[in-house]
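Down below is the structure, laid out as structure tokens.
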């Protein structure tokens with residue numbers, strides 16, 4: 001059993017603060033715009049229709065953002081049981097790399113192999129790791145590499161970036177703890193939950209001064 005820690009308490013406090021902050025960030029402008037729209041309709045101007053349409057677009061954007069945030073939390077809180085199937089690792093990583101449009105992610109091939117897992121859930125893990133790596137690499141103009149190796153009955157997936165490295169206070173797998181501006185802190189905690197549901201392990205390590213980070217995911221090649 002994992003010991004109860006101050007970090008866990010702090011994570012829950014951050015959860016409450018983050019949810020309250022995000023909900024408030026949506027409700028305040030919605031209330032303000034609703035008041036403005038009410039005033040516009042009471043004394044309509046010549047271009048009142050454009051003003052109403054603009055206000056409704058803002059309301060829609062804020063409600064969509066709030067929906068996305070709450071959906072992210074719901075996925076973290078209730079992870080479905082993995083629905084496993086065999087799939088080719090090389091083709092899978094090529095596809096994940098192609099999703100990233102901000103820079104070219106290099107896929108470093110290992111030996112041909114297949115993996116048994118829930119591909120939709122594992123997509124979420126790799127997409128999140130690659131996105132984080134690209135975020136870091138863009139800060140320094142560095143690159144991102146994605147690859148795998150085979151060790152006995154396990155497959156080791158890795159994502160390396162040439163970003164600034166981990167912050168001193170980084171707690172990447174503590175839910176709702178984040179050092180990113182605008183981040184929710186859900187992504188890596190959810191990734192850890194998915195990997196552990198597959199019987200695997202995930203880690204994030206600093207590669208040294210100025211060398212960036214390496215995210216590693218170790219998964220059994222086949223279900224037990």
Q.
Residue pairs, Cβ under 9 Å, 6 or more apart or interchain, first in the stretch 52-68 and more than 15 Å from residue 36 (Cα to Cα), second modelled with pLDDT of 80 or more and surrounded by 14 or more Cβ atoms within 10 Å (Cβ to Cβ). List them.
A. 62/30; 62/33; 63/30
Q. Within the stretch 177-195, is even one residue in contact with a helix residue (DSSP H, G or I) (Cβ under 8 Å, 6 or more places away or on another chain), at pLDDT 90 or above and assigned to a loop (DSSP other than H, G, I, E, B)?
A. no
**Q.** Members of the stretch 140-149 found to be more than 15 Å from residue 207 (Cβ to Cβ) and at pLDDT below 95, listed by number
**A.** 141
Q: Could you check residue 121 against (1) outside any strand (DSSP E or B); (2) modelled with pLDDT of 90 or more; (3) buried (at least 18 other Cβ atoms within 10 Å of the Cβ) and say which number it fails?
A: (2)
Q.
Here is a check on your reading of the model: is residue 165 assigned by TED's automatic domain parsing to the domain that holds residue 97, at pLDDT 90 or above, crowded, with 19+ Cβ neighbours inside 10 Å and assigned to a loop (DSSP other than H, G, I, E, B)?
A. no
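The values are calculated or read from the model by the stated rules, or taken from the named source; none is laboratory data. What you are looking at is a predicted structure, and each value in this text was computed from that prediction instead of being measured. Please note: Cβ atoms are built from the backbone with ideal geometry, for glycine as well, and neighbour counts cover all protein chains shown.
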